[in-house]
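What follows draws every value from the coordinates through simple rules; no lab data is involved. What you see is a predicted model, and the numbers here were worked out from it, not measured in a lab. When we count neighbours, we look across all protein chains shown, and the Cβ atoms used for this are built from the backbone with ideal geometry, even at glycine.
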Amino acid sequence: MIEIRFHGRGGQGTVVASKLLATSLFLDGKYSQSFPAFGTERRGAPVTAFLRVDDKPVRIRTEIYEPDHIVILDPLLVDQVPLTDGLKRDGIVIINSSRKPMEFADRFKGFKVATVPAGQIAVKHHLGTPQSPIVNTAILGAVAKVLSIVTMENLIEAIKSDVPSKADENAAAAQEAYKTVSDVVQL
Amino acid sequence: MRKVLTGNQAVAYGAMLSDVQVVAAYPITPQTTIIEELADMQAEGLADLDYIRVESEHSAMAACIGASMGGVRTFTATCGQGLFLMHEMLHYATGARTPVVLANVNRAIAAPWSIWSDQTDSVSQRETGWIQLYCEGNQEVLDTTIMAFKIAESLRLPAMVILDAFFLSHTSEPIEIPDIEAVRDFLPPYDPGDLWLDPDNPRTFGSLCMPDTYMEFRWQIQRDMERAKQVIDEVQDDFGRVFGRNYRQVEGYRSDDADVVMVVSGTVASTGRDAIDFLRARGEGVGMVKIKTLRPFPRQELVAALRGKKKVAVIDRNFSPGATGVWAQEIRSALYELPEDERPIIYGYIAGLGGRDISIKTIEEIYQKTREADQPDDVDIWIGVNYV
């Protein structure tokens, strides 16, 4: 079983990101489970969502305490939320940021990091506003590339069938992030 | 067809596939997406139902009772405070013998406010005469919603499908959506017989009942609630034959040769399977019994499952102030009929209130406490509480 924890803010599509990934993995023939650690949904408040995937049905129904990987939709959370709590030592951190992975050396020492400018990509594809881009589909393109757990074909299919609007723009954002995400760097 | 659905969507699919005719509901987190999904299904022409928007949950249940007395299949959904506001009407639905089906998303009781999961809302309705069916996964939620209509209508008793807030309601996972024609074969249209509000045959129902007749109505409810045990088994067996998924009121998991048995309900049963496997791999003689029905209480099956065990650890995600967790009360009462040498020692644990996680570690801690103590420290033991 692989366990992934998503950290974002209300309005970025964090919960939808984990659900889209669950659907993509299902289309790949896997057993998946996603759910939000729900606060009362407020725009801008930190949001956590969980994803599990396995080759057999997922029975455990609890929060994820020791994730294999984490996905960070808002780089400003780095200073505000204990993001790497429980993260396994060989775990990968994927961050929405236009900076290079090495620039996170002080924050994520000992972990592997990849960065993707998901905010810029989202704005380019008119997803959300420049002040508040909806980065979830872009970050999933990076997840597909970096973690190699899901096929791009089924990720795009899940995005096109499940996003509430701008299906083509969201799919294009995922494609672009897939191509532009950085290499994984051991910090 | 297989699809990734949340628990709340699973409820809505279950109601839609059951050809529900009237939905009367009031939104409340974390239930709201059930009735939103049903409203969407109606708007898209997937469900041919009348949707009654009401000003409160009390009115929602009143409208459901009225519609059911009009002879149609009726559904609502609520949680927590909404279920409490419905309480008076829950009793009425039973007395009026209206087979309303209600999905309750377990939500903790205020004050202080909480939107997260615990069972205090539904266990507080224990005495209302509703059949209560607890679920551990989204597939069970969908399947149980369909079965609930069949059970309720064959007994003319209302039935509640119960799912944990967030751990099911907002959790997405792949589930099998049955073919609607197969569901229609399994669950024919509701037939109220001649007991309905027929304008061509005006009659009065539920009017003042003198002391010389009232008690008989109550006895009939009890008679049919006892009969419900058999009806639930039959419906579950039929469902298993048609759809290939089998459910039981009491289900053992690696419990046959266990010395210590954990008794659980809801999603704790799902996590519990992994916890039991983990403890078994360590060589511990532990098993689990999942109970699906709080009402009617499956006394005989439970006695059979726990007879002769050394220790039984009951996990209650609810409690009754001044007494104990409600499942523990029921289990203590049921097992008292066993002779002393076959009667397990019962450990009652309170855990997971207000959505606090019940993880594999929590279950492991409960098991360790049970194994190590010859007798429980108290009638209920609170897990993970910071005593202040």
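Odds and ends about this structure:
- In degrees, nearest ten, helix B:7-17 long axis to first principal axis of chain B (Cα): 40
- Within chain A, the selection of entire DSSP H helices by a Cα span of 18 Å or greater along the long axis and an average Kyte-Doolittle value of at least -1.0 returns A:14-27, A:167-180.
- Remark: mean inter-chain Cβ contacts per residue of B:5-12 equal 1, using a 10 Å Cβ-Cβ cutoff to other protein chain atoms.
- Net +/- balance of residues flanking B:L85 in space, Cβ distance below 12 Å, scoring K and R +1, D and E -1: -4
- Low-density loop cleavage sites - GluC sites (Glu not before Pro) in region B:1-102, where at most 10 other Cβ are within 10 Å (DSSP): B:E44, B:E55
- FRET E, pair B:R282, B:I345, Förster distance 22 Å, beta-carbon r, rounded to 0.05: 0.50
- Those trypsin sites (Lys or Arg not before Pro) in region B:302-335 that DSSP places in a loop and that have at most 14 other beta carbons within 10 Å: B:R307, B:K310
- Inter-site label distance for B:Y51 and B:D179 at 7 Å from Cα along Cβ, in nm: 2.9
- Legend: residue pairs B:K150/B:K292; A:K56/B:K3; A:K124/B:K3; A:K56/A:K112, Cα-Cα distance threshold 23 Å; pairs beyond threshold, A:K124/B:K3; A:K56/A:K112.
- Computed over chain B: relative contact order in percent, which uses C-alpha pairs under 8 Å that are six or more apart: 16
- Taking A:V181, B:V268 and counting other C-beta atoms within 10 Å, the order from fewest to most: A:V181, B:V268
- Region B:280-372: chymotrypsin sites (Phe, Trp or Tyr not before Pro) falling in loop per DSSP and having at most 11 other Cβ within 10 Å: B:Y336
- When shorter helices are ignored and each DSSP H run of at least 4 residues is given -39500 (n - 2.57), the per-residue value for chain A at 222 nm works out to -9500 deg cm²/dmol.
- Beta bridges by DSSP in the protein assembly as shown, antiparallel share as percent, to the nearest 5: 35
- When every Cα-Cα distance of chain B is counted in 20 angstrom steps from zero, the calculated P(r) takes the values 29, 57, 14, 0 percent.
- Tail weight of P(r) past 19 Å, computed on alpha-carbon pairs of region A:36-146, percent: 50
- Positive minus negative residues near A:E66 (Lys, Arg vs Asp, Glu; Cβ under 13 Å): 0
- When the inverse distances between all different Cα atoms of chain A are averaged and flipped, the Kirkwood radius reads 16.0 angstrom.
- All-pairs alpha carbon distance profile, region A:58-97, 10 Å steps from 0, percent: 28, 49, 20, 2
- The mean sequence separation of alpha-carbon pairs under 8 Å and at least six residues apart, normalised by the residue count of chain A, gives a relative contact order of 23 percent.
- Directionally averaged projected area (convex hull, Cα atoms, region B:135-265), nm²: 12.6
- DSSP bridge orientation in region B:233-388 - percent antiparallel, rounded to nearest 5: 20
- Calculated mean residue ellipticity at 222 nm for chain B: -13000 deg cm²/dmol, from DSSP H runs with n ≥ 4 weighted as -39500 (n - 2.57), summed, divided by the residue count and rounded to 500.
- More than 31 angstrom apart: percent of Cα pairs within the protein assembly as shown: 51
- Other residues with beta-carbon under 11 Å from the beta-carbon of B:Q21 carry, at +1 per Lys or Arg and -1 per Asp or Glu, a net charge of -2.
- Reference-scaled alpha-carbon Rg (2.2 N^0.38 Å with N residues) for region B:250-382: 0.95
- Amide hydrogen neighbours beyond the local backbone of B:V289, cut-off 5 Å, H modeled: B:Y253, B:M262, B:V263, B:V264
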